[in-house]
Amino acid sequence: MPCLLVFSEQDRCAFELLQKAIELGKKMNLEVAAAALNGSQGEKFRHRGCARVYTSSQELLQPFDAFVYAQALSQIAAASQATVILIGSTRSGKELAGRLAQMLGAGCLTDCQSLEYEKEGLVATRNAFGGATVAAQKLTTRLQIYALMPYLCEPAAPGKAEGEVVQVSLDLKPSRIKKLKKTPKDLGAVDIEGAEVLVCVGKGLAKPEDVKIAEDLASALSGFVACTKPLATDLKWLPESRIIGLSGKKGKPKLAVCAGISGQVQFAVGIREAKTIVAVNTDPNAYIFQMADYGLIGDLYQILPQLTAALK
Amino acid sequence: MDIIVCVKQTYDLQQVRIRKETRQPVFENVPLTLGNIDKNALEEAVRIREKAGGKITVVSVGPETLEDTIKEALAMGADEAILVTAPKLDSIESALSAALLAKAIGQAGPFDLILLGEGSTDNYSGQVGPRLAELLDLPQVTFAKSLHIEGRTLRAVRSLEDYLEDVEVDLPVLVTVVSEINEPRIPAITQILKAGRKPKKVLSPEDLEIPIGKFGLQAETISNLAPLQNRKGILFKEGAKNIPALVKALEEEGLLRR
């Protein structure tokens, strides 16, 4: 029976995809299967509502390699008669999606912000023209791959009927890439994409030590500090794991305070899903005010500390 | 060291405006350029050639305007260009791009390294690199933030969401780079003047035996508009004086846990 197949190398993202697949599967009358190739993932999938969990303990599958995983998933897709494959749109997921799509002759859309079953079939939305627009697109191929952004929905909870676990024997060519070492980018890494409150700063900050002003506000709001790309990559005042934007993370906080940020589209795409946006900028014409619920025209060096004090 | 750099022509997106009434992007009078991250890939190629010698070939697929846009890449330091052009090659899908690039690269002769940006500036789908690697049966190193080549071995540091990964691979290999890898040079006037005289091979999809009309399309675009912004747009103009009003508003929305 044709099915929706889900895979992400990250557990939380995999369970979100599973939740999405269960929802779509009901509407499309498709079974849901999962590929659990990342060590202990298999057991965790069993009670989360998928009909089958494909798993393998072959050594070549550790650590994750896009080429090896593309082979594995193309074989699992064939075995499970998948017609739709959902992958997490992480960097690893994206490089896997492209390679797998080419292997299978499948159409593929990456960085999807939503995926719904409508009268014309599955429709995904994703940023286009560098985030200036959002395109609604559908794939027309028999086999379809959608890479969905993390935090698209709640993860599937355990406690559902037990799925069948299928041990597969895969015919895998080894990767030609040798993985030498992994180094965490940011030892104090925080979950920017899952954060409820973000205080975002940009080039309106004058000195690296001034990041503290934003940190103080973030802690008063029980949130985290995030930043525009130049602040992390050019100035290195904050770790790269804090970058919000097109090539960084997409935040979905309940509250985002954006201070000293002009609001260029490259940043805006990473924060426009926020429920409420507060902008602080000295320039009344800054684009950030156009996307803000509350704008405060003024100097962040005055406003942020006073706002912090007012919240205490 | 013979290096292929794949680049894509896009509108200068900084200059694209949105028509408020229709939410449609406006491209009239917007200049064409090469993708931002493509320039990082090209810059890295130039730096590698400066150390190791060899030749850089830029390969690109697009409408006829590409012949002019590609001069930017030749001015930045590419030695020659192979272009696949046709009017219908504007904003094509990743699968067709990869297919045409693969065939065009076949015309370039042997190579050691293929470099691309991690994604295009406009569509940022990130598929062409991995698709091309699959078509050419090459190992892929994606999201590289630094490269080091010694003999026939390439070492790269990959930048993933939360960690860096050091990898090693024998040439030939396909590498996609992130913008942090370098600062692309601005070509000097003399380089710009020389660019027009560098060798350029212009092919059609038919020359490469890929009739684009028959190449199955994989996606349909239903709509493509600027997102609706349902924001309150309340502006406090008196700076710090308005902080109590802001706090009150946030409190009323239940956004402050106190």
Count of segment A:120-173 residues which are over 23 Å from the mean Cα position of the chain (by Cα), at pLDDT 90 or above and within 11 Å of chain B (Cβ to nearest Cβ): 5
For segment B:214-248, enumerate the residues that are loosely packed, with under 15 Cβ neighbours inside 10 Å, over 30 Å from A:A279 (Cα atoms) and either touching a residue at least 60 places away in the same chain (Cβ under 8 Å) or touching a His at 6+ places or on another chain (Cβ under 6 Å) (or both). B:L217
Looking at A:L104, A:L109, A:L100, which is the one that is more than 7 Å from chain B (Cβ to nearest Cβ), free of Cβ contacts under 8 Å to residues at least 60 places away in the same chain and surrounded by 24 or more Cβ atoms within 10 Å (Cβ to Cβ)? A:L100
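Does at least one position in segment B:74-88 carry a residue that is touching a Leu at 6+ places or on another chain (Cβ under 9 Å) and under 26 Å from A:N127 (Cβ atoms)? Break it down stepwise before answering.
First pass over segment B:74-88, keeping only residues touching a Leu at 6+ places or on another chain (Cβ under 9 Å): B:75-78, B:80-85.
Applying the additional criterion that residues be under 26 Å from A:N127 (Cβ atoms) yields none.
Within segment B:74-88, not a single residue is touching a Leu at 6+ places or on another chain (Cβ under 9 Å) and under 26 Å from A:N127 (Cβ atoms).
Hey, which of the strands (runs of 3 or more DSSP E) in segment A:208-312, taking only ones fully inside, have at least 3 residues that are within 8 Å of chain B (Cβ to nearest Cβ)? Steps first, please.
Values: elements: A:224-227, A:255-259, A:276-281, A:294-297.
So the answer is A:276-281, A:294-297.
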Cβ pairs under 7 Å, 6+ apart or interchain, first in segment A:180-201 and among the polar types (S, T, N, Q), second part of a strand (DSSP E or B), ordered by first then second residue, are A:T183/B:Y163; A:T183/B:L164
Criterion (crowded, with 18+ Cβ neighbours inside 10 Å, of a type in the set (G, A, S) and either within 7 Å of chain A (Cβ to nearest Cβ) or over 18 Å from B:D38 (Cβ atoms) (or both)) met by exactly one of B:G119, B:G126, B:G151: B:G126
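For segment B:162-180, how many residues meet the condition of being under 19 Å from the mean Cα position of the chain (by Cα) and facing chain A (nearest Cβ under 10 Å)?
In the first step, residues of segment B:162-180 are kept if they are under 19 Å from the mean Cα position of the chain (by Cα); the result is B:173-180.
If we keep only those that are facing chain A (nearest Cβ under 10 Å) as well, we get B:173, B:176, B:178-180.
The number of residues fulfilling the criteria is 5.
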Identify all residues within segment B:72-107 that are assigned to a loop (DSSP other than H, G, I, E, B) and hydrophobic (A, V, I, L, M, F, W, C); write none if there are none. B:A78, B:A86, B:I92
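Out of curiosity, is A:D191 within 29 Å of B:E165 (Cβ to Cβ), at pLDDT below 90 and among the acidic types (D, E)? Steps first, please.
Values: within 29 Å of B:E165 (Cβ to Cβ): yes; at pLDDT below 90: yes; among the acidic types (D, E): yes.
Considered against the rule, which asks whether it is within 29 Å of B:E165 (Cβ to Cβ), at pLDDT below 90 and among the acidic types (D, E), A:D191 comes out as yes.
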I'd like the residue in segment A:207-244 that is in contact (Cβ under 8 Å) with a residue 60 or more places away in the chain and among the small types (G, A, S) and, out of all such residues, is nearest to A:T133 (Cα to Cα). A:A214
Checking the structure you have, find out if any residue of segment A:157-166 is crowded, with 21+ Cβ neighbours inside 10 Å and not small (G, A, S). no
Unique match (being assigned to a loop (DSSP other than H, G, I, E, B) and among the hydroxyl-bearing types (S, T, Y)) among B:S125, B:S146: B:S125
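The values are calculated or read from the model by the stated rules, or taken from the named source; none is laboratory data. Values in this document were obtained by computation on a predicted structure and should not be read as measured data. Counting neighbours? That spans all protein chains shown, and the Cβs are built from the backbone with ideal geometry, glycine included.
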